[in-house]
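Values quoted throughout were computed directly from the atomic coordinates according to the rules given, and no laboratory measurement underlies them. Because the structure is predicted, anything quoted here is derived from the model rather than measured. So basically every Cβ, Gly included, is an ideal-geometry build from the backbone, and we count neighbours across all protein chains shown.
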Amino acid sequence: MAIAFVFFADKMTHNWRLTLSCVATFSIFFFIVWLLKAQNFETSGGAEVKNDYSYGKAVKDPFVWKFALGFGAFLFLYVMTLTSLPPTLVNAYSNFKPGAMICAVSGGGMVGTLLMLKIKVERKRRPILLVLGSAAILAIAGAIFLAGISPLVAYTLLFISGIFLFSQYPIYLNIPHELPNMNPQKSTLLFGVIWALTYGFYTILNVIWSMILGAGGLLSANIFYVIVSMIYLVAIILLPETYRKK
């Protein structure tokens, strides 16, 4: 989709209703294919799993709030590069191409995803996440502040940031599954609350960023964006280390 918008932006946006209808049709098609081809499997291995965890306990769980706050900051860092940042940057720098930015981040994300399919991470989670998280923030910060000076360098940094973002994405999301005494029922409740809080935090940060952009301009909004994204790094430090050497 990102590539399509880079090369056929005018045609894709000429009739947005038709474009979104086609996207929705493909989504429904693949969902139907999944329903027909997906296989059921037993998550508990056939054994009875005692579970006294509830939504009430999940809401009161400090781990849930730390993880969700960090995840919200991570989404703010990542999703903004595909949604709000491209049009604001092109308004400030006419030579900057928003489609190229989206394509660079998405392309890097694909590379990062493929790398994680081949790499087995057998080491402590927090140091890896801190390195990859810091690298992603620095790469994106460099890109948005160089967008008006050298778009090509900015695109390159955005591609690299996509690799860093998606290399850490599965590691971070797997942390709750690696907690002691975790089971499918508990993880389902845990993630139900985590996803709700995460997108709540992300929405609040997005609204604040928009207000700062309107009141203080692009530079102030970008500084806020970079600084707030660092909440992700703080959350990593506060989370428990879940890796256990076998």
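Under 5 Å from the amide H of TYR243 lie the amide H atoms of ARG125, each residue being 5 or more positions distant or on a separate chain, with H modelled from the backbone and absent for Pro and chain starts. The protection proxy used here, the mean number of other Cβ atoms lying within 10 Å of each residue, ranks peptides 27-38, 157-168 as follows, highest first: 157-168, 27-38. Taking other residues whose beta carbon is less than 12 angstrom from the beta carbon of LEU129, and scoring Lys, Arg as +1 and Asp, Glu as -1, yields +3. What the phi angles of region 89-105 give under the Karplus curve with 6.51, -1.76 and 1.60, with θ = phi - 60°, is a coupling list of 5, 5, 5, 8, 10, 5, 7, 7, 9, x, x, 5, 5, 4, 5, 5, 5 Hz, glycine and proline written as x. Spin-label pair ARG244-LEU219: with each label point 7 Å from Cα along the Cα-Cβ axis, the two points sit 5.2 nm from one another.
Descending by average beta-carbon neighbour count within 10 Å, the peptides 223-232, 101-110 line up as 101-110, 223-232, the highest first. Over the chain, Cα pairs under 8 Å with separation of 6+ residues give a relative contact order of 32 percent. A straight chain from MET110 to PHE7 at 0.36 nm per residue would run longer than the Cα-Cα distance by 35.2 nm. The helix-based estimate of mean residue ellipticity at 222 nm for the chain, built from -39,500 (n - 2.57) per DSSP H run of four or more residues and divided by its residue count, is -25000 deg cm²/dmol to the nearest 500. Computed from the C-beta positions of GLU122 and VAL79, the FRET efficiency with R₀ = 25 Å rounds to 0.25.
How much FRET efficiency would the formula 1/(1 + (r/R0)^6) give for VAL207 and ASN95, where r is the Cβ-Cβ distance and R0 is 30 Å, rounded to 0.05? The pair VAL207/ASN95 has a calculated efficiency of 0.50. A protection proxy built from the mean count of other Cβ atoms within 10 Å ranks the segments 116-123, 81-88, 67-74, most packed first, as 67-74, 81-88, 116-123. Here the extension length gained between VAL234 and ALA24 equals 71.8 nm, from 0.36 nm per residue of separation less the Cα-Cα distance.
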